[in-house]
Amino acid sequence: MARRRQIYEGKAKVLFEGPEPGTLVQYFKDDATAFNNKKKGTITGKGVLNNRISEYLMLRLQEIGISTHFVRRLNMREQLVREVEIVPIEVVVRNVAAGSLSQRFNIPEGTPLPRSVVEYYYKNDELNDPLVSEEHITAFGWATIQEIDEILNLSLRVNDFMSGLFLGIGIRLVDFKIEFGRLYHDSGDVQLVLADELSPDNCRLWDMKTNEKMDKDRFRRDLGNVEEAYQEVARRLGILPEGGPRDMKGPSTMQ
Ligand code: UDP
């Protein structure tokens, strides 16, 4: 059988042509990068866990009426998704000060924010994903005013829902990054849907009791026990792969 056509290779994922037109296969790697590729490494089993965690969160969001690109999980490291045109904006929603916000405004990490803060970054590695305003987004045509309104509404709904979901398993959702895509229907309608992934790679998750970090900051800041932290998130969500960590590396089904 011919090797599947690779459409795109990112830092943590690979996209292949899907089995039907309008679909893609999203493959989750164990590779981890930080600081715009300056730090590179591998987190064993991360791809398997992120595939599950992202599946779980996308399905729960679909249940409350938020459309996503997710169709179904295919195997340990792959999921079938709808092909979308990615809006070149990274949306960050913050509930608690951390990371770049803490640095920019000199606010100690862990300070609760008076309200959820939404930020937009232009997706461009060469420019280091600069922070941009709605004005830049609409003036440069990255999204329309209507799209950015919808993106803001959807992002706040995702935040409210995920904050509650994680609260229920003793985890504080400090902040997260999401991306949206345009789904072109045969009817000519264009629908904005949640795309990319939702995982500890792009969320800050802190244990409610100990404030211990359970996300990619463990890798970024060399805190150790990175695999264990991702596993613990999956365990609390009730989706640790059967057989536990031993199952984690699994056979890769790439052809
Ligand atoms: N984030 C991400 N990809 C990026 C930048 C940020 O997924 O390219 C996530 C990050 O994991 C965190 C949130 O967005 O949950 C806010 O990140 P921040 O702006 O504080 O940047 P950082 O301190 O990670 O550089």
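So which residues in region 136-187 are away from the ligand (no atom under 16 Å from the Cβ) and among the charged types (D, E, K, R)?
Glu147, Asp149, Glu150, Arg157, Asp160, Arg182, Asp186
Return a yes/no flag: does region 96-113 have any residue that is under 21 Å from Phe161 (Cα atoms), of a type in the set (D, E, K, R), surrounded by 14 or more Cβ atoms within 10 Å (Cβ to Cβ) and at pLDDT 95 or above.
No, because not a single residue in region 96-113 is under 21 Å from Phe161 (Cα atoms), of a type in the set (D, E, K, R), surrounded by 14 or more Cβ atoms within 10 Å (Cβ to Cβ) and at pLDDT 95 or above.
In region 79-89, is there at least one residue being within 16 Å of the ligand (Cβ to nearest atom) and outside any loop (DSSP other than H, G, I, E, B)?
Yes, the conditions are met somewhere in region 79-89.
Given the criteria closer than 26 Å to Asn124 by Cα, of a type in the set (A, V, I, L, M, F, W, C) and within 14 Å of the ligand (Cβ to nearest atom), does Phe35 qualify?
Here the answer is yes, as Phe35 does meet what is asked.
Table: residues versus (1) closer than 17 Å to Val233 by Cα; (2) of a type in the set (Lys, Arg); (3) in contact with a helix residue (DSSP H, G or I) (Cβ under 8 Å, 6 or more places away or on another chain); (4) surrounded by fewer than 22 Cβ atoms within 10 Å (Cβ to Cβ).
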residue: Lys39; (1), (2), (3), (4): no, yes, yes, yes
residue: Thr44; (1), (2), (3), (4): yes, no, yes, yes
residue: Val48; (1), (2), (3), (4): yes, no, yes, no
residue: Asn51; (1), (2), (3), (4): yes, no, no, no
residue: Tyr56; (1), (2), (3), (4): yes, no, yes, yes
residue: Gln79; (1), (2), (3), (4): no, no, yes, no
residue: Arg82; (1), (2), (3), (4): no, yes, no, yes
residue: Ile86; (1), (2), (3), (4): no, no, no, yes
residue: Glu90; (1), (2), (3), (4): no, no, no, yes
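Only one residue in Arg104, Arg115 is within 16 Å of the ligand (Cβ to nearest atom) and either closer than 24 Å to Arg60 by Cα or of a type in the set (Lys, Arg) (or both), so which one is that?
Within the list Arg104, Arg115, the selection yields Arg104.
The values are calculated or read from the model by the stated rules, or taken from the named source; none is laboratory data. Predicted model, so just to flag it, every value in this text is computed and none were measured. Backbone-built Cβ (ideal geometry, glycine too); neighbour counts: all protein chains shown.
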